[in-house]
1. Within region 115-127, is even one residue at pLDDT 95 or above and either of a type in the set (Ser, Thr, Tyr) or closer than 30 Å to residue 13 by Cβ (or both)?
2. List the number of the failed condition for residue 158; all other conditions in (1) within 16 Å of the ligand (Cβ to nearest atom); (2) assigned to a loop (DSSP other than H, G, I, E, B); (3) more than 20 Å from residue 319 (Cα to Cα) hold.
3. If the Cβ limit is 8 Å and pairs must be 6+ apart or interchain, which residue in region 293-312 that is without any contact (Cβ under 8 Å) to a residue 12 or more places away in the chain pairs with which residue that is crowded, with 19+ Cβ neighbours inside 10 Å?
4. Right, residue 233: away from the ligand (no atom under 14 Å from the Cβ) and crowded, with 19+ Cβ neighbours inside 10 Å or not?
5. Of everything in region 336-350 that's surrounded by fewer than 16 Cβ atoms within 10 Å (Cβ to Cβ) and farther than 13 Å from residue 117 by Cβ, which residue is modelled with the highest pLDDT?
6. Go through region 1-43 residue by residue and tally those that are aliphatic (A, V, I, L, M), assigned to a loop (DSSP other than H, G, I, E, B) and over 23 Å from residue 83 (Cα atoms).
7. Quick check on region 178-209: of everything there that is out of contact with any strand residue (DSSP E or B) (no Cβ under 6 Å at 6 or more places or on another chain) and in a strand (DSSP E or B), which residue is farthest from the ligand (Cβ to nearest atom)?
8. Condition first: over 19 Å from residue 317 (Cα atoms), outside any helix (DSSP H, G or I) and charged (D, E, K, R). Can you find one or more residues in region 141-155 that meet it?
Amino acid sequence: MFEKPAELKKLFEEKLAGVTATADVEQLRIEFLGKKGSVAALMQELRNIPNEQKKEAGQAINETKQFVENAIAEKLEELKKLEEQKLIDACESYDESMPTDNDIGSYHPITLVRREVENIFLSMGFSIEDYSEITDDYNCFEALNIPKHHPARDMQDTYYLSTGQLLKTHTSAAQNTILRKYKSSLENGNPIRAIFPGRCFRNEKIDACHENTFFQMEGMMVDKDISISNLIYFMKTMLSEVFQRDITVRLRPGFFPFVEPGFELDIQCSICGGKGCPSCKDSGWLELCPCGMIHPNVLTAAGIDPEKYIGFAFGLGMTRLAMMRYGVKDIRVFNSGNLKALSQFTEKSFTKPEESKEA
Ligand code: FA5
């Protein structure tokens, strides 16, 4: 009877029980499953085993190998969850009732997050654009391939002024203006790379993750050879820079008349770690950054030839990003004017971008 697989399994179990960090799991994997690891060494020993025992010994080694593989995968999963929870708990350091010794005032958390995201996109060659909060039906809807009576308008009812103008419901309202601004530069061979943060307004039923006044940041890139891979790359880079760790996101199909194809990019709720809570409406996920490839009609509306040019656009929910970034459970805190709560966020994690204008 070839005892070594059972002995190896026992040794592995003892070592695994002492592992408390994901990095150590990798060490253990190399030790047991690596090319020069214990399981491979056991395989080598098969050569010296009498032929009639080879089959049984081979099976025992394979079973041990399988056991080690499964146990490592399970342990990794378990430790990842624990480590994530630790980060979440650390991010929950904000306490509304804490006294503040801040006599000189502080930046609003949305300003802090906005600057962080601006810095990230500046470093990737994007320009920062400004756009009015008051716009008109054409820019907010028509130029975005949302004609009158289109059902997509129902989701974005807003406040209308007596002039017929309206408060913008999304930062996409600036797309046509920005595309026109850079059209000739594009035709001279310079890709359009722009972000435009701004305040949006909607007739909204308010709850822990919906406000009637909130911030978004739109982004667009247009050139001759842009693909969905470019879009995903920029989204991933931005999120991992903001959170300084890998973030669990999911991409699913989403319909927006101004992109084709369109996606919903959701982020796992960092308040509950994906278990479900009021901040994410018990789903474990928060819609954060819808995106997609710019619809040809939108390019045409801006005088850009969709046969020659292609691009992506995204609409980042900045207020929700601030919730996730700082562990704020209720979106209403941001517009509350409660200085005790709002002055607890510090600016230590950003530097002011030169091109950015103060809100
Ligand atoms: C839009 O506003 C699209 N303009 C986004 C877009 C841009 C799609 C470019 C494709 C290409 P939506 O209504 O889902 O989509 O809002 C975008 C994000 O803004 C949401 O994911 C969410 O993070 C945030 N948001 C929307 N409504 C609210 C609200 N009432 N309160 C707080 N955040 C909100």
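1. yes
2. Only one criterion is unmet by residue 158, namely (3).
3. 305/299; 306/299
4. No, not satisfied.
5. 336
6. So the answer is 1.
7. 198
8. yes
The values are calculated or read from the model by the stated rules, or taken from the named source; none is laboratory data. Only a predicted model underlies this, so the values are computations on that prediction, with no experimental measurement involved. All Cβ positions, glycine included, derive from the backbone under ideal geometry; neighbour counts span all protein chains shown.
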